[in-house]
Amino acid sequence: MADASVTRPVSDEGYDDTILPFAVEPLDVRGRVVRLGSSLDIVLSQHGYPEPVARLLGEASALAVLLGSALKFEGRFQLQTRSDGIVEMLVVDFEAPDRMRALARFDAARLEELSAEARQDSAALLGRGHLAMTIDQGPDMSRYQGVVALEGQGLEEAAHQYFRQSEQIPTVVRLAVAQVFAGGRQNWRAGGLLVQFLPDSPERRRLPDIAPGDAPGGAATQSPHAEDDAWSEAKALAATVEDHELVDPTLSAERLLYRLFHERGVKVFEAQSVRHQCRCSSERVETMLRNFTTQERRDMVGDNGRIGVTCEFCSVHREFDPKQFDPE
C-alpha cells in the first residue's frame, strides 16, 4: 500500500479497470472507487446481451468488484441472483486479486413485451427472489454466504440491505453503467463507489434502530438510536455523486474523490487492477467430462462425432474426441 501520509496534487490521469481504495480519516470513513472498462466490455460484447440486460449485469459486476476486492487473501467472491424476473439469473465471479467473469440468463420473449421505460428499471428486471454473496477461501476453509431477499428493489438497495442486516456496517453504495463511443463503436463502462463508516468505537458504528413491524397500531416504540454526526456528513457527501461522474473516462477516480471529500481531506492508496479472465480451460472441461458415465458421454456426441462444450461465461467452444475418454 502506498504511503498515504504524503501530500501531493490530485492526479487527473483516468485509468480504467482499477480499484482505488481511499480513507477520509476525519470522518472515520474508508471505501473504494471502481472503474470498469475493457474488463466489462469484453464480457458484454462476447454475449451480445440486449441493452437492459447488459446494464444490469454491468451494475452487478461493479458491485461484485467493490465487495470482492476487500478480500485479504487469494479467494473467490461470487455474487449471484436468482429470481422470477425477466433477468432470471446474474452471476459474477471475482477471483482475488484481480480476475472477473460474469454472465446473465434472461427471458427474451418477456423482455420484448416491456415498455421502453420499464426496460430501464433494474428492479422490474430483477423481480422477486434472492441475492447471494459467497466467499470461498479454498478447500481448507469454510465458505461464507450472505443472502438478501429481492422484493422489488435494485442492486444498490439490496447491497444496503445486506450491510444493514448481515454486516451491520453503515455503508453507501453507488453504481452506474453507460456506453461510450470509442474506436468506431459503443463501449460498455461501469463505475462504483463504496463508502463505509468504520470508527474505532463499535458504539459509534451502531445503525439506527428499526421500528418493529409487528407493533400494534398506536403503540409507543423505542426512540431510534441517533446517527453519528461524522457518518451523517459522509453519507450526505457521498450522496452528491452523479451517475455520469462514476463512468466519465475523462474524470479520474482521484479527482472524483477530491470533489466529494476535499473539505475534510481524502487519502488514496495503491490502486489495484481488474481484468477479465475466465476460469475455464481445456483441462478443467476434460476433468468435468470424465466425471460423467460412458453412456452420458455418448449422449453428448454431436453429428460431427465429437463432444462439444461451450463455456457459459466466456463463450469459448471446445471439442473433444469421445475416444480419449472411452478407448475401444
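For the range 154-182, a tally of residues being more than 21 Å from Ser61 (Cα to Cα), assigned to a helix (DSSP H, G or I) and among the aliphatic types (A, V, I, L, M) returns 0. All conditions in (1) over 17 Å from Arg35 (Cβ atoms); (2) touching a strand residue (DSSP E or B) at 6+ places or on another chain (Cβ under 8 Å); (3) touching a residue at least 60 places away in the same chain (Cβ under 8 Å); (4) not hydrophobic (A, V, I, L, M, F, W, C) hold for Gly191, with the sole exception of (1). Surrounded by 15 or more Cβ atoms within 10 Å (Cβ to Cβ), in the same structural domain as His47 (by TED's automatic domain parsing) and either closer than 22 Å to Val43 by Cα or aliphatic (A, V, I, L, M) (or both): is that true of Arg99 in this structure? Yes. Of everything listed in (1) of a type outside the set (A, V, I, L, M, F, W, C); (2) farther than 29 Å from Val316 by Cα; (3) surrounded by 20 or more Cβ atoms within 10 Å (Cβ to Cβ), the single unmet condition for Arg128 is (3). A single member of Gln179, Gln161 is at pLDDT 90 or above, surrounded by fewer than 17 Cβ atoms within 10 Å (Cβ to Cβ), touching a strand residue (DSSP E or B) at 6+ places or on another chain (Cβ under 6 Å) and not acidic (Asp, Glu), and it is Gln161.
Within the range 216-232, none of the residues are in a strand (DSSP E or B), in contact with a helix residue (DSSP H, G or I) (Cβ under 6 Å, 6 or more places away or on another chain) and at pLDDT 90 or above. Say whether the condition of being in contact with a Gly (Cβ under 7 Å, 6 or more places away or on another chain), crowded, with 18+ Cβ neighbours inside 10 Å and modelled with pLDDT of 95 or more is met by at least one residue in the range 258-268. For the range 258-268, residues in contact with a Gly (Cβ under 7 Å, 6 or more places away or on another chain), crowded, with 18+ Cβ neighbours inside 10 Å and modelled with pLDDT of 95 or more: absent. Comparison of Leu251, Leu237, Leu246, Leu289 shows that the only residue that is within 19 Å of Ser69 (Cβ to Cβ) and either out of contact with any strand residue (DSSP E or B) (no Cβ under 7 Å at 6 or more places or on another chain) or assigned to a helix (DSSP H, G or I) (or both) is Leu246. Selection of strands (runs of 3 or more DSSP E) fully inside the range 49-116 by the criterion of at least 1 residues being farther than 21 Å from Ala159 by Cβ returns 99-106.
The values are calculated or read from the model by the stated rules, or taken from the named source; none is laboratory data. These figures come from a predicted structure and were not determined experimentally. Backbone-built Cβ (ideal geometry, glycine too); neighbour counts: all protein chains shown.
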